[in-house]
1. Return the sequence-ordered ³J(HN,Hα) values of the stretch 19-27 in whole Hz as given by the Karplus equation 6.51 cos²θ - 1.76 cosθ + 1.60 applied to θ = phi - 60°, using x for Gly and Pro.
2. With mean projected area of the Cα convex hull in nm² in mind, check (i) 5.0; (ii) 7.1; (iii) 2.9 and report the label derived from this structure.
3. Modelled label-to-label distance, Ile29 and Asn48, 7 Å Cα→beta-carbon offset: nm?
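Any read-out appearing in this document is the output of simple, stated calculations on the displayed coordinates, not a laboratory observation. Treat the numbers as computed from the prediction; the structure is a model and nothing was measured. A quick note on method: Cβ atoms are made from the backbone with ideal geometry, for glycine too, and the neighbour counts reach across all protein chains shown.
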Amino acid sequence: MQFIINTIKNMFLDLLSMVRGFTYGFVMIGLFILLGGALLNGFLYLKNVWL
């Protein structure tokens, strides 16, 4: 009985960590796109101002 409880608990913890990793990946990719867009926008703005 203890084996079944431990197995279910481990499956739940694995599922929780997968969800956390998935959301962490979404946040990191979103920040990367936001930062890249801001850098590109700033570069194009400065290029337009100076020329």
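1. Once rounded to whole Hz, the list reads 5, 5, x, 5, 5, 4, x, 4, 5.
2. (iii)
3. In this crude spin-label approximation the distance works out to 2.9 nm.
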